[in-house]
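Notes for the one structure printed next.
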Amino acid sequence: MSGPGAYHRPVIAIDIGGTTLTIAEVRSDGSVRDPVTIDSPARIHGDEVVTRIRELVETRWPHPCRIGVGAAGVVDPVSGSIGRASDSFQGWTGYPLRERLEQAIGVKVQVENDVNAFLIGERRFGAATGERDCLGVMLGTGVGGAVILDGQVIRGRRGAAAEIGHMPVLGNDRCSCGVPGHLESLTGGRAIARRWAAATGRDPKTVDGAREVARRAANGDAAAPRIFAEAGKALGIALVQAATLFDLSTVIVGGGVSRAWQWLSPGLHDVLAAYPLISGTELRVRLASLSERAVLMGAASLGACGDQWKKPC
Ligand SMILES: [Zn+2]
C-alpha cells in the first residue's frame, strides 16, 4: 500500500511543543511528508489541541492508519495522559490526550514524551542507530532527557524517568520547576540568556535566547564563553552521573542550544576527562543528526511493530 490511491493509509506523526505544533505524514523510511506547523494550541487548552489536530487530519489525511504523538511534559506511559507540564501550557496537566484523540479521530493513537520520541527517532533513523543503550538530551528552552536500555525506553512509574534537566548539579540559580541548582538552570536556553543578561547588565527580555549569546561569543564578548563553559560543565556532571548509574557509553545531544556546541563542549569535555567512568569505557557524546524531525520520526515509530510500519491497519 503506497502512493496516493484510495487505499493509502498514511502514518501521521505530531510534535506538540509549547510554542508550535507540527503534524506530518512519516513513511517507513523515515521521510517526513507535507509537514504543517501551527502556533501551539496547547497555550489555549488540551481540548483546543485535539480540535485542531482533528481538523488538520480530516482535511489532509482523511484515512490515517494510526497516529503517534510526541508531547512536551511528563506523559503517563499507561494512559497516554499528560502528568505535568510547564507554565506555557493551559489545561494540559492531567489531560487525557490519547483517549480524546482516539475518540475524535477514530484510529489508534500513541502518546510519548517528546524527548523519548526524539531518542526513539534518532535510534531508528539517526545518530543512535544500532545502539542498544543510550542517553538522549534535548537542550532547548529547557533541558529534557531520555534513556534507552536494552532497546527499551525507560519511562518510570510516573513517566518521569530520565528528567535529567531536573538533576541537581551546581549553583543556586532557580530552575523553571522552582528548585535551585538543577541542570536546566545553567544549561537550558532560557537560563543561558538570563545568565548572560545578568553578567552584562542587559534586560533579559531583550536577549534573543542562547542563539544571541552564541553570536556574542563568536564576536569576542568576554562573558558569553564563560556562561557556555559553565553550562557545558553542568551538562558534563549530569552526563557522567547518568552514565555511571546505567553503564552507558553513548549520549546523543539535540535541541537548539546544541548548535552552540563549540562553546559548550570545552567545559563538558573537561568534566568527562576529570571523571572517567568506572566501566573503563569512554563516554561518547554525539550530536543528534535528524534536527527537529527526530520527534516526528520517533512518534511515527511508536505504533510500528518491528519492520511492520502499518501494523494496526
Ligand atoms: Zn528543575
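Okay, here's what the table says:
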quantity	calculated
For the stretch 122-181 versus the stretch 191-206, the gap between their alpha-carbon centres in whole angstrom	26 Å
DSSP bridge pairs, the chain: antiparallel proportion in percent, nearest 5	55 percent
Modelled FRET efficiency - R0 41 Å, Arg60 with Gln90, Cβ distances, 0.05 increments	0.95
Potential lengthening between Asp47 and Ala160 on full extension [0.36 nm per residue; Cα-Cα distance subtracted]	38.3 nm
About the Cα centre, charge dipole magnitude for the chain (Lys/Arg +1, Asp/Glu -1 at Cβ), debye	160 debye
Compactness of the stretch 130-287 as Cα Rg over 2.2 N^0.38 Å, two decimals	1.02
Within the stretch 185-313: Cβ-based charge dipole about Cα centre, in debye rounded to nearest 20 (Lys, Arg +1; Asp, Glu -1)	380 debye
Charge tally in the Cβ shell below 11 Å around Leu183, where Lys, Arg are +1 and Asp, Glu are -1, Leu183 excluded	-2
Estimated FRET transfer efficiency when R0 is 35 angstrom, pair Phe246-Arg27 (beta carbons, to 0.05)	0.60
Computed helical MRE - 222 nm, the chain, DSSP H runs ≥ 4 contributing -39500 (n - 2.57), nearest 500	-11000 deg cm²/dmol
Prolate/oblate/rounded call for the stretch 38-100, Cα gyration tensor, a/c under 1.5 rounded	oblate
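Since every read-out is calculated from the coordinates, none of them should be taken as a lab result. Model, not experiment: these values are computed from the prediction. Note that we place each Cβ from the backbone using ideal geometry, even for glycine, and neighbour counts take in every protein chain shown.
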